[in-house]
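Remarks on the structure that follows.
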Amino acid sequence: MSIAEHVTEIFERIGAPVRFDAAGEIVCRTPIDGSELGRLAADTAASVGDKVGLAHAAFEQWRTVPAPARGAFVRELGELLREHKDDLGALVSIEAGKILSEGQGEVQEMIDICDLAVGLSRQLHGLTIASERPGHRMMEQWHPLGVVGVISAFNFPVAVWSWNAALAFVCGDSIVWKPSEKTVLTALACRALAEEAARRVGAPDGLLQVVVGAREVGEALVDDPRVPLVSATGSTRMGKQVAPRVAARLGRTLLELGGNNAAVIAPSADLDLAVRGIVFSAVGTAGQRCTSLRRVIVHESLKDELVQRLAAAYETLPIGSPLDAGTLVGPLIDESAAAGFAKAIDQARSDGGTLVAGGTTADGVEGGHYVHPAIVDMPAQTDIVKAETFAPVLYVLTYRDLDEAIALHNAVDQGLSSAIFTMDVREAELFVSATGSDCGIANVNIGTSGAEIGGAFGGEKDTGGGRESGSDAWRNYMRRATNTINYSTELPLAQGVDFG
Ligand code: UN1
């Protein structure tokens with residue numbers, strides 16, 4: 001069966017036959033062999049406006065539904081995701097190129113956030129605050145916000161949408177989703193599942209709109225005043241374009257942008273654990289996670305042994321079709337990603353780096369862009385090490401004392417995820433303290449990638465500052481109202497003001 005036939009079958013099982021349009025501008029491809037799966041018509045600025053209108057109409061109904069009843073919709077979506085986990089996971093593998101286990105893991109991440117959101121639908125609580133005035137009470141309420149614009153990237157084509165969508169839906173919002181042009185099919189599959197969930201529980205039509213296309217489509221969404229929140233995941237470059245446009249109309253953004261994640265390997269580290277943690281974080285998803293490990297900062301006493309063990313592990317990595325059982329490294333998303341990989345390695349070498357593993361193209365499937373993940377031993381943290389290359393290149397740097405390691409660690413523009421491997425509690429605590437890692441995520445004895453949905457996800461500096469997923473990230477999707485209620489017969493003024 002060809003990959004295109006596989007896709008057709010998946011859509012039939014999901015219950016939404018995909019209707020390709022041979023004249024469409026959006027070319028759906030699989031990075032497995034680069035083949036075309038079909039074409040789809042792109043949206044226009046006008047059709048984006050229409051869809052925002054539909055989403056807004058759905059919002060006006062949805063906000064009147066009690067939050068726990070909104071939870072029933074997300075619970076149904078979670079059930080449908082459980083039912084179609086294998087199919088949607090395979091579609092993620094086909095469209096994004098990640099191995100089957102990671103494709104399914106991505107769907108599991110969606111199921112997990114649905115569970116979290118269903119619970120939250122009964123816990124969207126505000127505070128009650130002591131008033132300074134007699135016979136008065138203050139409280140805050142969290143109300144639905146409106147239409148949320150979601151812009152997502154190719155590498156987590158469905159999970160990142162679901163972090164936003166599951167929370168936004170229980171919060172009483174509707175969504176207009178612009179997926180990456182590289183992963184439109186997975187978005188259409190999610191839309192079909194969300195529509196089925198809505199039908200089953202009687203939620204309003206139109207809660208989820210999908211818009212596809214390039215810049216003009218994204219701009220129409222970002223500029224629309226009916227969209228109070230734009231949640232965007234992607235490159236720092238993209239975030240720096242989106243944020244000022246939304247700010248110009250005083251809208252809100254929630255940004256989850258680039259990372260340049262590092263792990264510090266201290267003298268007391270459990271090296272077996274460190275090697276496994278490093279390999280998964282650096283090589284998983286072929287280095288195309290925003291949380292991928294890109295820098296190892298190792299104590300000089302351990303460097304030779306660590307590098308040798310990593311190089312040995314890299315040598316046996318099974319590279320090939322992500323649909324084959326046993327593959328650990330699938331393809332890069334496209335030719336430009338492969339060119340970025342080669343260019344970064346060339347630059348690192350001309351900065352004095354030594355390639356100690358991989359770095360070349362690999363035999364994968366004809367037509368796809370497969371590479372041997374690279375390890376480059378660097379004499380210093382040069383500009384290329386400070387840049388995020390969205391491919392499996394791992395730079396190794398050394399340190400003498402932990403302050404130096406933390407300074408190196410924090411001396412990049414990005415601030416998403418970080419880790420330390422140490423058995424020394426002082427080092428571990430210092431790393432996660434206010435003067436340690438400056439990232440939104442700081443781990444001890446696990447890698448930088450593969451966060452659970454229960455925690456807030458996101459980072460500082462060029463990573464954009466937003467927090468999605470667990471903890472209190474739901475508040476992003478609501479508006480807060482502070483209410484002061486006078487149950488007395490007097491009208492005392494705050495701050496003791498006397499007004500006659
Ligand atoms: C991303 O790459 O945009 O922590 C998200 C992780 C995943 C999410 C990554 N749970 O690696």
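In the stretch 277-291, is there at least one residue being within 25 Å of the chain's Cα centre (by Cα), more than 25 Å from G364 (Cβ to Cβ), modelled with pLDDT of 95 or more and crowded, with 20+ Cβ neighbours inside 10 Å?
Yes, the conditions are met somewhere in the stretch 277-291.
Any residue at all in the stretch 246-259 that is at pLDDT 95 or above, in a helix (DSSP H, G or I) and surrounded by 19 or more Cβ atoms within 10 Å (Cβ to Cβ)?
Yes: the stretch 246-259 contains one or more residues that are at pLDDT 95 or above, in a helix (DSSP H, G or I) and surrounded by 19 or more Cβ atoms within 10 Å (Cβ to Cβ).
Does the stretch 166-190 hold any residues that are in a helix (DSSP H, G or I) and in contact (Cβ under 8 Å) with a residue 60 or more places away in the chain, and which are they?
Across the stretch 166-190, the qualifying residues are A166, L167, A168, F169, V170, V184, L185, T186, L188, A189, C190.
Looking only at the stretch 121-161, filter to residues that are buried (at least 21 other Cβ atoms within 10 Å of the Cβ) and within 14 Å of G71 (Cα to Cα); which one of those is farthest from the ligand (Cβ to nearest atom)?
P144
Can you confirm whether A90 is touching a helix residue (DSSP H, G or I) at 6+ places or on another chain (Cβ under 9 Å), closer than 20 Å to H369 by Cα and part of a helix (DSSP H, G or I)?
Judged against the criteria, A90 is a match.
Which condition number does T398 fail, the rest of (1) free of Cβ contacts under 8 Å to residues at least 24 places away in the same chain; (2) assigned to a strand (DSSP E or B); (3) closer than 26 Å to V432 by Cα being met?
(1)
If I filter the stretch 251-264 for residues that are within 25 Å of the chain's Cα centre (by Cα), without any contact (Cβ under 8 Å) to a residue 60 or more places away in the chain, more than 21 Å from L408 (Cα to Cα) and away from the ligand (no atom under 16 Å from the Cβ), do I get at least one hit?
yes
With (1) assigned to a strand (DSSP E or B); (2) within 25 Å of I319 (Cβ to Cβ); (3) small (G, A, S) as the list, and G34 as the residue in question, which single condition is left unmet?
Only one criterion in (1) assigned to a strand (DSSP E or B); (2) within 25 Å of I319 (Cβ to Cβ); (3) small (G, A, S) is unmet by G34, namely (1).
Only one of R309, R294, R276, R289 is more than 16 Å from the ligand (Cβ to nearest atom) and either of a type in the set (D, E, K, R) or not assigned by TED's automatic domain parsing to the domain that holds T354 (or both); which?
R309
The values are calculated or read from the model by the stated rules, or taken from the named source; none is laboratory data. What you see is a predicted model, and the numbers here were worked out from it, not measured in a lab. Glycine gets a Cβ as well: all are built from the backbone with ideal geometry, and neighbour counts include every protein chain shown.
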